[in-house]
Amino acid sequence: MNDYENGRNCFVHPSARVGSGTRLGHNCVLEEEVRVGERCDIGSNVVIHAGTSIGDDVFIGDNAVLGRQPRSGATSIRGAEPAPPLRIGDAAVIGTGAVVYAGTEVGRNAMVADLAAVREGCVIGEGARVGRCVTVECNTSIGGNSVIQTGTHLTGDMIIEEDVFVGPEATTSNDKYMSRDSSFRLRGPVLRRGCSIGANATLLPGVEVGRGAVVGAGAVVVRDVPAGAVVVGNPAAEKGSAGGPGRG
């Protein structure tokens, strides 16, 4: 057994491995084949599901649930399948009450803040920040150093490149026909490097926001936004240039 601090009433499966200098809070559960690196700080009531791999110097807040397998409802359009184990990189931060599914990768120095939920098949890039109460649906990728602000809904099947900013409570969708046409391939928006999305903006399925573009607060984006453009309104219309490639 490695040299780690074990809180009261913890269950650590015999096949789990915990690195030296790591602290487990009270009532933690580490299932089969869990791997936790060195010098991690894990809060109380944390559940880490089978096979999950956690790097060194990771912080995990109280009541987080990590590596749970997806499960679909009886009437779900897309049935869930068993996912490979969750992987969390070195020095990542997982907030209090966060839920991160199996089949997802959280990069080095990334953050998933309090009460956020990240579904299966997602990638959270190195240094990316997923804010409080954000929902990230399945098969969505977030590029390195991107920022997703509080309360945002990122739909499934979405691509966010590096250095993107998404303002609070923005919302996105991937089903053009709202379940009325089962033949439609689900497609989330694509956000190119360095673009910025304002608070409460709405992005419809499959739209692309070009590199360095700006979508104003409350805008409803129904068609592609050219690189470097500024769009505002409902429906969003071009109102000028962002004057550069953005933070990227």
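The values are calculated or read from the model by the stated rules, or taken from the named source; none is laboratory data. Not measured: the values here are computed from a predicted model. Here the Cβ positions follow ideal geometry from the backbone for every residue, glycine too, while neighbour counts run over all protein chains shown.
The number of residues in segment 2-30 being in contact with a strand residue (DSSP E or B) (Cβ under 8 Å, 6 or more places away or on another chain) and exposed (fewer than 14 other Cβ atoms within 10 Å of the Cβ) comes to 3. Taken together, the residues in segment 130-179 that are of a type in the set (A, V, I, L, M), at negative phi and not in a strand (DSSP E or B) amount to 4. Looking only at residues of segment 39-74 that are at pLDDT 95 or above and among the basic types (K, R), we find that the one that is nearest to D90 (Cα to Cα) is R39.
All conditions but one from (1) of a type outside the set (K, R); (2) touching a residue at least 60 places away in the same chain (Cβ under 8 Å); (3) within 24 Å of D3 (Cβ to Cβ) apply to I77; the one that does not is (3). Here I42, I88, I48 are screened, and the one residue that is within 18 Å of the chain's Cα centre (by Cα), crowded, with 20+ Cβ neighbours inside 10 Å and more than 27 Å from D157 (Cβ to Cβ) is I48.
Any residue in segment 120-129 that is within 19 Å of R211 (Cα to Cα), of a type outside the set (K, R) and assigned to a loop (DSSP other than H, G, I, E, B)? Show your work before the answer.
Of all residues in segment 120-129, those within 19 Å of R211 (Cα to Cα) come to 125, 128.
Then drop every residue that is not of a type outside the set (K, R), which leaves 125, 128.
Cutting the leftovers down to assigned to a loop (DSSP other than H, G, I, E, B) gives us 125, 128.
Yes, there is a match, as at least one residue in segment 120-129 is within 19 Å of R211 (Cα to Cα), of a type outside the set (K, R) and assigned to a loop (DSSP other than H, G, I, E, B).
Inside segment 85-109, residues that are under 21 Å from G21 (Cβ atoms) and not β-branched (V, I, T) make up a count of 7. In segment 201-221, how many are crowded, with 16+ Cβ neighbours inside 10 Å and in contact (Cβ under 8 Å) with a residue 24 or more places away in the chain? Looking only at that region, the number is 11.
Looking at T171, T152 in this structure, which one is closer than 21 Å to A213 by Cβ and touching a residue at least 24 places away in the same chain (Cβ under 8 Å)? I'd like the intermediate steps shown before the answer.
Working: T152 fails: touching a residue at least 24 places away in the same chain (Cβ under 8 Å).
Exactly one of T171, T152 is closer than 21 Å to A213 by Cβ and touching a residue at least 24 places away in the same chain (Cβ under 8 Å), namely T171.
Scoring R35 on the criteria (1) out of contact with any Lys or Arg (no Cβ under 6 Å at 6 or more places or on another chain); (2) surrounded by 14 or more Cβ atoms within 10 Å (Cβ to Cβ); (3) at pLDDT 95 or above leaves a single failure, condition (1).
Does segment 30-53 include one or more residues that are part of a loop (DSSP other than H, G, I, E, B), out of contact with any Asp or Glu (no Cβ under 8 Å at 6 or more places or on another chain) and more than 18 Å from L86 (Cβ to Cβ)? There is no residue in segment 30-53 that is part of a loop (DSSP other than H, G, I, E, B), out of contact with any Asp or Glu (no Cβ under 8 Å at 6 or more places or on another chain) and more than 18 Å from L86 (Cβ to Cβ).
Yes/no per residue for (1) polar (S, T, N, Q); (2) under 22 Å from L115 (Cα atoms); (3) modelled with pLDDT under 95; (4) buried (at least 19 other Cβ atoms within 10 Å of the Cβ):
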position: C138; (1), (2), (3), (4): no, yes, no, yes
position: M158; (1), (2), (3), (4): no, yes, no, yes
position: N174; (1), (2), (3), (4): yes, no, yes, yes
position: R223; (1), (2), (3), (4): no, no, no, no
position: V231; (1), (2), (3), (4): no, no, no, yes
position: N234; (1), (2), (3), (4): yes, no, no, no
position: G248; (1), (2), (3), (4): no, no, yes, no
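When segment 212-232 is filtered for residues that are touching a Pro at 6+ places or on another chain (Cβ under 6 Å) and over 14 Å from S173 (Cβ atoms), only G212 remains. Would it be correct to say that A98 is in contact with an Asp or Glu (Cβ under 6 Å, 6 or more places away or on another chain) and over 29 Å from V214 (Cβ atoms)? No: the conditions fail for A98. Scanning segment 94-110 for residues that are in a loop (DSSP other than H, G, I, E, B), under 18 Å from T135 (Cβ atoms) and not small (G, A, S) turns up at least one hit.
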